[in-house]
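Working notes for the structure below.
The values are calculated or read from the model by the stated rules, or taken from the named source; none is laboratory data. Just so it is clear, the structure is predicted and the values come from calculations on it, not from any experiment. For neighbour counting, all protein chains shown are included, and Cβ atoms are generated from backbone atoms with ideal geometry for every residue, glycine included. Calculation scope for accessible area: heavy atoms of the full protein, side chains included, ligands and nucleic acids excluded. Shrake-Rupley method; radii C 1.70, N 1.55, O 1.52, S 1.80 Å.
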Amino acid sequence: MSLPFLFATRGSRAVHRLQQSPCLSPISVLSRYKRVHFLRYASSHQCKDNRNHYVTTPIFYVNASPHLGHLYSAVIADCLHRYKLLQGFRSKFATGTDEHGLKIQQAAEAAGKDPLTFCTDVSERFKNLFSSCNISYTDYIRTTEQRHRSAVEHFWSVLRNKGLIYKGSYEGWYSTQDESFLMPSQVGDAMDSSGKDIKVSLESGHKVEWMKEENYMFRLSAFRSQLLSWLRGNPGAVQPERFYQAVLHWLQEDLPDLSVSRQRSRLHWGIPVPGDAEQTIYVWLDALVNYLTVAGYPNSHEQWWNVAHHIVGKDILKFHAIYWPAFLLGAGLPLPQTIYVHSHWTVGGKKMSKSLGNVVDPLERSQVFTTDGMRYFLLRQGVPDSDCDYTDDKVMKLLHAELTDSLGGLLNRCTAPALNPAQVYPSFCAQSFPSQQGGRAVVEDYYMLDAVGKLPALVERYYENMHVYKALEAITACVRQTNGFVQRHAPWKLDRKDSKDQQWISTIIHVSLECLRIYGTLLQPVVPDISNKLLSRLGVRPGERGWAALNFLPRYQGLDCPFEGRALGCDSGVLFRRLDSPNVDKQKPKTTKKSAN
Ligand code: MSP
């Protein structure tokens with residue numbers, strides 16, 4: 001029986017073929033769903049011509065220490081950056097801290113510190129967290145830096161000179177926690193902890209206050225139709241789909257002009273409006289420009305600014321998908337290519353907050369579960385579309401099942417001296433595993449080969465649209481199949497002295513190591529340390545770990561395999577150790593001293 005065994009070509013080639021095929025329907029007649037996905041995929045591949053890629057995290061408020069949600073934003077961006085590097089892109093990856101505004105001013109006052117010292121302390125905590133969690137940023141920006149101030153001043157002057165900023169007045173609701181202006185329809189009644197009636201933002205639950213001030217306004221209302229045509233022409237600009245739809249929906253509502261400054265008497269901790277020392281620039285305008293500052297604005301930003309991708313949490317979507325594009329359109333600058341939105345982590349089904357005592361300290365947890373353990377958990381369990389609940393127990397179960405037992409177990413089996421006494425990448429025997437049946441392989445083995453052969457293209461597609469959890473799900477399913485393959489043929493039961501058996505043992509191990517090489521290569525953006533350990537154990541050299549080296553099982557295709565006969569690496573330690581339960585507080589995560597909200 002001949003079995004269909006098609007190794008998938010790399011995604012870009014697949015798209016190329018699609019575009020050339022005369023048998024396929026023109027894009028215009030595809031269903032909307034297919035069209036959107038085709039366009040997203042095709043456009044992400046078009047940027048391959050420009051081998052630059054620029055990814056950003058939001059810059060983090062320094063009013064409190066980092067929590068799990070912050071690490072999540074950073075890990076997603078880090079994963080995208082590492083993936084692009086593996087694909088051979090020049091990738092810029094920016095993160096940093098958002099240090100101006102009323103919220104920070106008040107937090108510094110409450111701490112009895114001068115604002116800059118206060119900001120420096122907390123910014124350092126973010127930096128420490130990121131270095132201990134392998135967040136490989138290429139630029140760490142603080143909005144209190146001079147390079148940023150110059151960029152903001154320039155940006156402001158461009159908008160002002162184009163007549164897009166005018167002197168006016170704002171009267172309405174303001175949330176200091178969110179640093180956001182709200183419409184009456186976005187405000188509701190609530191009671192504070194002392195039983196006093198207050199007004200709150202319906203979206204965030206944070207307290208709002210009425211303010212009336214002379215300040216500068218940005219002509220946001222003038223940009224509605226341009227924003228709509230940008231979104232309609234770029235269905236992949238905001239992902240996932242449900243957030244894209246949310247932005248379209250907001251654009252159907254009232255879009256009043258936006259206040260972009262505060263009176264200096266109220267807000268002194270910020271960048272003064274150029275030419276008007278009585279006013280301070282609104283913190284969100286200031287903060288959003290950080291993406292340009294890092295790109296080299298205003299002097300040399302083009303090569304990076306044309307390829308910008310933002311990772312943002314769902315709470316700050318409006319700022320990124322409406323205000324920011326409107327500012328950029330106003331300044332005559334290109335819009336970001338993609339805004340990838342993620343949902344939130346909750347604890348006990350609730351938003352993390354200091355008052356509830358449920359804030360998860362990411363540094364402490366990554367010391368318990370290891371950095372890669374934490375990264376794996378966040379990306380495997382975190383679904384962009386909906387909120388996820390965090391428990392220590394879930395982390396431990398997932399890591400033990402997928403990293404210790406499944407992946408670690410497979411590596412251990414195939415490299416253990418009992419099964420692999422020569423400690424080499426053994427030979428593949430084409431007679432034992434021929435492309436047509438007739439050798440010792442059975443039908444499930446061919447299915448496994450087919451699945452692993454197609455895995456790189458599948459994972460590429462999932463990484464491209466930031467469905468990392470789907471990529472990890474697909475990899476895990478393949479690891480399970482490879483374990484099944486080894487188990488099915490039980491090479492430890494075969495007779496080493498029999499030459500036919502010996503060839504088959506070598507083939508089983510060769511195929512399994514090839515699978516592991518693919519898994520290790522694909523997992524690098526998610527768990528860099530574990531992948532490094534795995535690939536080193538297989539003897540895969542640093543130059544052989546890129547996307548271009550993802551050629552699975554070349555011997556099966558009649559090609560040479562550079563690894564065949566090569567000595568395995570000497571580090572035979574466990575890939576991911578079993579974590580002792582006593583290290584883990586199973587009840588609930590400890591509260592940090594300083595926490596969000
Ligand atoms: N300073 C602004 C961003 C300015 S960007 C020009 C800000 N900072 S933040 O510190 O409050 O949030 C930073 C990121 O952390 C946001 O993407 C936000 O969605 C994310 N998270 C905050 N809490 C979160 C969870 N509980 N879960 C997941 N991510 C969450 O907003």
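When residue 469 is tested against the conditions (1) touching a Cys at 6+ places or on another chain (Cβ under 8 Å); (2) farther than 22 Å from residue 555 by Cβ; (3) hydroxyl-bearing (Ser, Thr, Tyr), the lone failure is (1). Just one of the numbered conditions (1) part of a helix (DSSP H, G or I); (2) among the charged types (D, E, K, R); (3) at pLDDT below 95 is not true of residue 529: (3). Taken over segment 348-358, the criterion of being open to solvent by less than 20 Å² (accessible area, probe 1.4 Å) and within 14 Å of the ligand (Cβ to nearest atom) is satisfied by 352, 353, 358. With respect to residue 228, is the statement that it is free of Cβ contacts under 8 Å to residues at least 60 places away in the same chain, assigned to a helix (DSSP H, G or I) and open to solvent by less than 60 Å² (accessible area, probe 1.4 Å) true? Taking the combined requirement at face value, the residue satisfies it. Report yes if residue 485 is part of a loop (DSSP other than H, G, I, E, B), more than 24 Å from residue 570 (Cα to Cα) and open to solvent by less than 10 Å² (accessible area, probe 1.4 Å), otherwise no. In short, no.
Flag: residue 418 matches the condition of being modelled with pLDDT under 95 and either outside any helix (DSSP H, G or I) or open to solvent by 40 Å² or more (accessible area, probe 1.4 Å) (or both). Residues of segment 359-380 that are surrounded by fewer than 20 Cβ atoms within 10 Å (Cβ to Cβ) and within 12 Å of the ligand (Cβ to nearest atom): none at all. Scanning segment 170-203 for residues that are within 29 Å of the chain's Cα centre (by Cα), open to solvent by 30 Å² or more (accessible area, probe 1.4 Å) and within 24 Å of residue 105 (Cα to Cα) returns 177, 178, 203.
Listed conditions (1) open to solvent by less than 40 Å² (accessible area, probe 1.4 Å); (2) of a type in the set (Asp, Glu); (3) farther than 20 Å from residue 320 by Cα are all met by residue 78, apart from (3).
Meeting the requirement of 1 or more residues that are away from the ligand (no atom under 16 Å from the Cβ) and more than 19 Å from the chain's Cα centre (by Cα), the helices (runs of 4 or more DSSP H) wholly within segment 260-330 are 302-305.
If you check 457, 422, 401, which single one turns out to be closer than 30 Å to residue 374 by Cβ and without any contact (Cβ under 8 Å) to a residue 40 or more places away in the chain? Reasoning before the result, please.
Numbers: 457 fails: without any contact (Cβ under 8 Å) to a residue 40 or more places away in the chain; 422 fails: closer than 30 Å to residue 374 by Cβ.
Of the residues listed, the single one that is closer than 30 Å to residue 374 by Cβ and without any contact (Cβ under 8 Å) to a residue 40 or more places away in the chain is 401.
Given the criteria open to solvent by 30 Å² or more (accessible area, probe 1.4 Å) and assigned to a helix (DSSP H, G or I), does residue 116 qualify? Yes, satisfied.
Pairing residues of segment 58-75 that are over 23 Å from residue 321 (Cβ atoms) with residues that are within 7 Å of the ligand (Cβ to nearest atom) and among the aromatic types (Phe, Trp, Tyr), at Cβ distances under 8 Å and at least 6 apart in sequence or on separate chains, gives 66/60; 68/345. The set of residues from segment 87-122 being over 26 Å from residue 260 (Cα atoms), touching a strand residue (DSSP E or B) at 6+ places or on another chain (Cβ under 8 Å) and polar (S, T, N, Q) comprises just one member, 91. All of (1) farther than 26 Å from residue 76 by Cβ; (2) assigned to a loop (DSSP other than H, G, I, E, B); (3) not β-branched (Val, Ile, Thr) hold for residue 466 with one exception: (1). It is to be established whether one or more residues within segment 244-259 are over 24 Å from residue 338 (Cβ atoms) and surrounded by 16 or more Cβ atoms within 10 Å (Cβ to Cβ). Looking through segment 244-259, at least one residue is over 24 Å from residue 338 (Cβ atoms) and surrounded by 16 or more Cβ atoms within 10 Å (Cβ to Cβ). Among (1) in a helix (DSSP H, G or I); (2) in contact (Cβ under 8 Å) with a residue 24 or more places away in the chain; (3) open to solvent by 20 Å² or more (accessible area, probe 1.4 Å), which single condition is residue 136 missing? Result: residue 136 fails condition (1) only.
Would you please list the contacts, defined by Cβ atoms under 6 Å and residues six or more apart or on different chains, that run from a residue in segment 116-128 that is farther than 14 Å from residue 95 by Cα to a residue that is open to solvent by less than 10 Å² (accessible area, probe 1.4 Å) and of a type in the set (Asp, Glu)? Pairs that qualify, where the first residue is farther than 14 Å from residue 95 by Cα and the partner is open to solvent by less than 10 Å² (accessible area, probe 1.4 Å) and of a type in the set (Asp, Glu), are 119/99.
For segment 331-347, how many residues are within 10 Å of the ligand (Cβ to nearest atom) and either of a type outside the set (Phe, Trp, Tyr) or free of Cβ contacts under 8 Å to residues at least 60 places away in the same chain (or both)?
Step one: filter segment 331-347 for residues within 10 Å of the ligand (Cβ to nearest atom), giving 341-347.
Retained after the next criterion (residues that are either of a type outside the set (Phe, Trp, Tyr) or free of Cβ contacts under 8 Å to residues at least 60 places away in the same chain (or both)): 341-344, 346-347.
Qualifying residue count, segment 331-347: 6.
Of the residues that make up segment 496-503, is at least one assigned to a helix (DSSP H, G or I), more than 22 Å from residue 406 (Cα to Cα) and among the hydroxyl-bearing types (Ser, Thr, Tyr)?
First pass over segment 496-503, keeping only residues assigned to a helix (DSSP H, G or I): 499-503.
With more than 22 Å from residue 406 (Cα to Cα) added as a condition, the list becomes 499-503.
Restricting the remaining residues to those that are among the hydroxyl-bearing types (Ser, Thr, Tyr) gives 499.
Within segment 496-503 (the criterion being assigned to a helix (DSSP H, G or I), more than 22 Å from residue 406 (Cα to Cα) and among the hydroxyl-bearing types (Ser, Thr, Tyr)), the answer is yes, since at least one residue qualifies.
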